[in-house]
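Chemist: Quick one: this structure, given as structure tokens, is what I'll be asking you about.
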Amino acid sequence: QDRSNVRKPCLSDPAVLASMVAKSRDYAASVRKFGLQGVYVAGEAMVCAGTVGVHEVCFSPHCQTRYQRWLKGRYGSIEKLNAQWETRHRRFDECKGMLTAEARKCDNVAPFVDFREFMVDVWADAFREVTDAYRRGDPGLRVGHTHCFGAVPLGATDIHRLATRAGLTWGQEYPECK
């Protein structure tokens, strides 16, 4: 099993997002003539640590750079981040995501929580990009989400954030998959 903790494909990689958007838009446009009522975007089982796998979402260079920008937007200054994290970073580019194993050894899990919150945003932003692309291909298309694993504390899924940020019109969960 791959233990690199790099999501393949990385949802912060502009080329990956562009490909996903183009495929979604083109698919919706190609089936529009058939009167398709809706499509769904599936959840990612591999990020549900403790359920299926142990992936810690994405530690790719794309995600780490984006995370540093996210932290700067969240905290505004490195001093505020250091106060919350109880660290002595000099710059945001010194900040990295934290693995579960690291968090279990720390008294302050703020870096871990921030990274998980960031990864939820990455996932929700990717959903929004795909949802918008589907609707560019077919403006009347309803887009929903199907998710087998429910709310898993170490997964990067926040159904409310996905629904509101991505503009999903329906959702389906399969509790029997747990």
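Chemist: Please enumerate the residues belonging to region 67-84 that are in a helix (DSSP H, G or I) and either touching a Leu at 6+ places or on another chain (Cβ under 8 Å) or open to solvent by 50 Å² or more (accessible area, probe 1.4 Å) (or both). Break it down stepwise before answering.
Modeler: Within region 67-84, the subset in a helix (DSSP H, G or I) is 67-75, 78-84.
The answer is ARG69, LEU71, LYS72, GLY73, ARG74, TYR75, GLU79, LYS80, LEU81, ALA83, GLN84.
Chemist: Just to be sure, is THR51 open to solvent by less than 70 Å² (accessible area, probe 1.4 Å), modelled with pLDDT of 90 or more and part of a loop (DSSP other than H, G, I, E, B)?
Modeler: Numbers: open to solvent by less than 70 Å² (accessible area, probe 1.4 Å): yes; modelled with pLDDT of 90 or more: no; part of a loop (DSSP other than H, G, I, E, B): yes.
So THR51 fails the test.
Chemist: Also: Taking region 4-31 as the region of interest, how many residues are β-branched (Val, Ile, Thr) and open to solvent by 40 Å² or more (accessible area, probe 1.4 Å)?
Modeler: If we filter region 4-31 for residues that are β-branched (Val, Ile, Thr), which is where we start, we get 6, 16, 21, 31.
From what's left, open to solvent by 40 Å² or more (accessible area, probe 1.4 Å): 6.
Residues in region 4-31 being β-branched (Val, Ile, Thr) and open to solvent by 40 Å² or more (accessible area, probe 1.4 Å): 1 in total.
Chemist: Related question: For region 85-120, give me the residue count where each residue is open to solvent by less than 20 Å² (accessible area, probe 1.4 Å) and closer than 10 Å to TYR67 by Cβ.
Modeler: Matching residues across region 85-120 total 6.
Chemist: Tell me which residues, restricted to region 85-102, are in a helix (DSSP H, G or I), touching a residue at least 24 places away in the same chain (Cβ under 8 Å) and farther than 14 Å from PHE118 by Cβ. So that I can check it myself, show each step before the final result.
Modeler: Start the filter on region 85-102 by keeping residues that are in a helix (DSSP H, G or I), which leaves 85, 92-94, 100-102.
Cutting the leftovers down to touching a residue at least 24 places away in the same chain (Cβ under 8 Å) gives us 85, 92-93, 100.
Within region 85-102, ASP93, THR100 meet the criteria.
The values are calculated or read from the model by the stated rules, or taken from the named source; none is laboratory data. It should be emphasised that the depicted structure is a prediction, and the values quoted were computed from it without experimental measurement. For neighbour counting, all protein chains shown are included, and Cβ atoms are generated from backbone atoms with ideal geometry for every residue, glycine included. Each accessible area value is taken on the protein alone, full model and side chains, heavy atoms only, with ligands, DNA and RNA left out. Shrake-Rupley method; radii C 1.70, N 1.55, O 1.52, S 1.80 Å.
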